[in-house]
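The values are calculated or read from the model by the stated rules, or taken from the named source; none is laboratory data. Predicted model, so just to flag it, every value in this text is computed and none were measured. Counting neighbours? That spans all protein chains shown, and the Cβs are built from the backbone with ideal geometry, glycine included. Note: areas computed on protein heavy atoms with side chains; ligands, DNA, RNA excluded. Shrake-Rupley method; radii C 1.70, N 1.55, O 1.52, S 1.80 Å.
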Amino acid sequence: MLQLADTSYASRNYQKAVLLYHEAQLAAIKTNNDENLYYSLYKLSQCHMTLNNTKAAIHYAQRAFEVHPQAEPMFRVAQFLDGQEKEKQQLSRDFYYAACRTSSSHPSSALERKFSEELRVIDKSRLWARQFPREYLTKLASLEAIMNDEDASIETHEQVHWEMIASTRAILGCSQELFRREGIFHNSSSYYYATPSLIRRREEHSGSDSAKQETDAEYLILVRLLNYRIDREGRWYKDFLPANQNSGVLRSASALFLNTTDNGSILRVLDGRYEKSLTRFMGTEDPKLLAMMDGAIRIIWTSWEYAKAAGGGSRLVMGTLDIDSLTIYLDHVFPSPFDHFNEKNWVAFQRPGCNDLYFIYEWYPLRIGSLDVQSGTIHFNITISTPRSFHHLRGSSNGVIHDNDIWLITHGTTWHEGPGPIYYHRVVVLDSETFEVKRYTYPFKLESTEAPIEFSLGLDIDHLGNVTIAYSVFDGSAVLRRIPIWKLEALMVVSHGKLI
């Protein structure tokens, strides 16, 4: 039914699509399929926007939000209402704020620029509910659960700040820097070093079998490269000038390194073209390495160029790296499971001894899907409850296996003082059988609590329990830092997630 509805929608037969999506949502209710229910309701809202049925568009967007609290339905309604008669401008703004409340950042659009001054004021305190009457926002976007937890949410931002300072001090006191590259990449004026990812290729041990035994690991490092820089105010600079004063396109590439301790040798620069068939994939956002159980090496990244060619936003792409020829072969371009404009921050993992590939779509609740290799689609059919503090978490690294658990590093955002968000890290440990969250760390930084933007794409744990994290500061460095696993364990909280 959904396929027929999508066909009608694509052919712009919106009246027929409305009937088919309506039947699909009824079928989804009968089978308790929340994924199909959300999708049907969201597409019904889109159909009614196209048909200019304002009340119906808002109704179905609100219902979609109730099933799955994503920012996208609220954001699309805000766009739809913007530019209409004056009395709907306030409604557009309020829907946009509702979208912001369910996102770790403001959805980028003309609406962000339009409401930028108001958003700056709100960001300073992050007390969203106090900007509007409680009953109006609740009626507007069905935010009862979030609104009832608003006081706790307000306290959490302050709590996260002080927890982050304490955790960072504890980590910096016992961490070791293994690798650092900053500034212009390899004597070239075209690119700057940015966030790395890594997998361990080889490991040598010296000394006795005691806990003090040292390890010397060889890592394959995938370094993101940018032709622009970001300053502390969040402005983009290209060739040392503000991007809007300089011709040229902001773009990214990647470089492969083979690294032993801190001596790195460049294997090859991957400029995003990879193969002839990939010329439309220029720009590799957030590339992450994944070592598969069968020995294959995957690279997962966000592509903007594919989405541009397809008339959409960003999409997730996966390829296989041939380490001998240093060639990347395209495997899949994943469509949005919920027909959202932009997709990013998905992370992948495997179970011990199993070559099936799983993806985490979001963290609050934890939504997990498995890859169907034949069709190239991911079915997000596992939903697990997570702590309220996971509301602002997004995926950073792919998962690694340690002691039969799945370890991942995530990033979150909080607000304390100043106009913009502060990025922090949390390590999350999943049960490899149930996928439930077993424990997670307090928020922490790896260098300084003074740098707002610190971002990671890689995590590794060796047989001794040395945790290596690959990250950047202000998207302007490539760093590997090693932390004893006992230190992270000491910063962990036990979780009690349940399958929904």
Fill in the blank from the handout: Other residues with Cβ under 9 Å from the Cβ of P335 give, with Lys and Arg +1 and Asp and Glu -1, a net charge of -1
Practice task
Give me the net charge of Y9's neighbourhood, meaning all other residues with Cβ under 11 Å from the Cβ of Y9; Lys, Arg count +1, Asp, Glu -1.
Solution key: +1
Fill in the blank from the handout: Long-range amide H partners of F179, meaning residues 5 or more apart or on another chain whose placed amide H is closer than 5 Å, are L480
Completion exercise
Expressed in nanometres to one decimal, the distance between label points 7 Å along Cα→Cβ at Y364 and L330 is 3.6 nm
Handout entry: J(HN,Hα) series, the stretch 335-352, from Karplus relation 6.51 cos²θ - 1.76 cosθ + 1.60, nearest Hz, glycine and proline x
Key = x, 5, x, 10, 6, 7, 5, 10, 9, 6, 6, 6, 10, 10, 7, 10, 7, x
Fill in the blank from the handout: If each K or R counts +1 and each D or E counts -1, the residues other than Y358 whose Cβ falls under 12 Å of its Cβ total 0
Practice task
Taking 7 Å along the Cα-to-C-beta vector as the label spot, tell me the A56-D339 distance in nanometres, rounded to one decimal.
Solution key: 1.4 nm
Completion exercise
Result for the stretch 452-499: accessible area per residue, probe 1.4 angstrom, in square angstrom, of 31 Å²
Exercise for the section: Return the distance in nm (one decimal) between the two label points of a simple spin-label model at R201 and I184, each offset 7 Å from Cα along Cα→Cβ. Expected result: 2.8 nm
Handout entry: Vicinal HN-Hα couplings computed from phi for the stretch 480-485 (Karplus, 6.51 cos²θ - 1.76 cosθ + 1.60; Hz; Gly/Pro x)
Key = 10, 10, 9, 10, x, 5
Problem - Above-threshold pairs, the threshold being 25 Å between Cα atoms, out of K43/K288; K55/K344; K288/K445; K16/K55; K43/K438; K438/K487 - result: K43/K288; K55/K344; K43/K438
Practice task
Estimate the FRET efficiency between N32 and E218 by the formula 1/(1 + (r/R0)^6), using the beta-carbon distance for r and 41 Å for R0, to the nearest 0.05.
Solution key: 0.25
